[in-house]
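Trainee: Can you read through this structure? Questions will come right after.
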Amino acid sequence: MMPHTLIPNWLSTLAICSLLIGMACFVYILIDQRQRPKPMMSVMLWVWPINALWAGPFAIWAYRHIGNGSKPRIAHTVTMPAQSSKPQAMSNEGKPTMMHSMSMQDMPMKDMPMKDKPMKDKPMKDKPMKDMPNMDMSNMQMPAPAPDPTSTPNSMSSMPEMKMDMPAHMKMKMDMKMDMPMQMGAKKPFWQSITAGTLHCGAGCSLADLIGPWLFAASPFLLWGSPVFGEWALDYLLALAIGVTFQYGGLLGMVPETGAALWWRALKVDSLSLTSWQIGMYGWMALAIFALIGPMSPTEPIFWFMMQIAMACGFITAYPMNWFLVKTGIKTAM
């Protein structure tokens, strides 16, 4: 086994850079999720950032194309100032400067913006014909008809027709809201569902492998005469506990079982997927410990860099298992 003193400097630098990128991607997804609608399974709010710790930019790609990041951002509601019945100050161009602070109910009819507003300075019948030379009568609007005495005071039939133009940004928001149900109801391709399910399993494994080494360092023990196998056994049991809890949270409310029956189903669903993930992870760590680098401590960046690669190997070995579980109906597609 290679002593730690012979680890190249470039490998140590690469390990530090990879860990920093993973943490940056973790923070990015945490912040971005606050601007998206909540997923159907709340546990997915932790699945994507946890996987970003080892997958980095690849986790962001999966989050944006498969996960919650593919949903449109939430439109923030703008709080309007207190409504007032006083006329608004006019700008130099003759337009209201704070039109949005007044509701349509409180706005006087004389100040309401209308297209092609009729002349009101003087009735037409009082204007002499000599004061109206070359008058174009094509666009002249006739006075509104007298109110129908049989109609109620609240009848809208006597109101003059108003034409208002909607701003372009409001039209875009309305169009996006109209299209949102169709986008939300779109079915994912099968490979995307398998990827999401595999990462769901991987989040539990990653969290366990993040906590396990520190617990083992606090109270180490031997298994088959080796501390490595003792640590792996602890990591596996911890991953099983966390993974089944994640699976329970994903199944809650989506299947008829509850209580102990739901926990048992979560254990059956997640055990094969989780075990296949751990096989890939242990395979790489065995290669790193017994052939490439040697025993490592969780206080060293190189250890966590090897763990990042181990998680990627775990995804590779768990993906076919998740495909099989969904195809056979043992596991539900996400």
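The values are calculated or read from the model by the stated rules, or taken from the named source; none is laboratory data. Keep in mind the model is a prediction, meaning the values are calculated, not measured. Positions of Cβ are generated from backbone atoms using ideal geometry, with glycine treated the same way; all protein chains shown enter the neighbour counts. Surface accessibility is based on the protein's heavy atoms, side chains included, excluding ligands, DNA and RNA. Shrake-Rupley method; radii C 1.70, N 1.55, O 1.52, S 1.80 Å.
Trainee: Please go through (1) under 11 Å from the mean Cα position of the chain (by Cα); (2) of a type outside the set (Ser, Thr, Tyr); (3) open to solvent by less than 30 Å² (accessible area, probe 1.4 Å); (4) modelled with pLDDT of 85 or more for residue 72 and return the number of the only condition it doesn't satisfy.
Mentor: Of (1) under 11 Å from the mean Cα position of the chain (by Cα); (2) of a type outside the set (Ser, Thr, Tyr); (3) open to solvent by less than 30 Å² (accessible area, probe 1.4 Å); (4) modelled with pLDDT of 85 or more, only one is false for residue 72: (4).
Trainee: Would you mind telling me which numbered condition in (1) part of a loop (DSSP other than H, G, I, E, B); (2) open to solvent by 70 Å² or more (accessible area, probe 1.4 Å) residue 272 fails?
Mentor: (1)
Trainee: A further question on this structure: Only one of (1) in contact with a Pro (Cβ under 7 Å, 6 or more places away or on another chain); (2) open to solvent by 30 Å² or more (accessible area, probe 1.4 Å); (3) of a type outside the set (A, V, I, L, M, F, W, C); (4) modelled with pLDDT of 90 or more fails for residue 236. Which number is that?
Mentor: Only one criterion in (1) in contact with a Pro (Cβ under 7 Å, 6 or more places away or on another chain); (2) open to solvent by 30 Å² or more (accessible area, probe 1.4 Å); (3) of a type outside the set (A, V, I, L, M, F, W, C); (4) modelled with pLDDT of 90 or more is unmet by residue 236, namely (1).
Trainee: Moving to a separate point now. Please determine whether any residue of region 298-314 is at pLDDT 90 or above, open to solvent by 30 Å² or more (accessible area, probe 1.4 Å) and either part of a loop (DSSP other than H, G, I, E, B) or touching a strand residue (DSSP E or B) at 6+ places or on another chain (Cβ under 9 Å) (or both).
Mentor: yes
Trainee: Still on this structure, I have one more. Let me spell it out: the conditions are (1) of a type outside the set (Val, Ile, Thr); (2) over 17 Å from residue 189 (Cα atoms); (3) without any contact (Cβ under 8 Å) to a residue 40 or more places away in the chain, and residue 314 meets all of them except one. Which number is the exception?
Mentor: (3)
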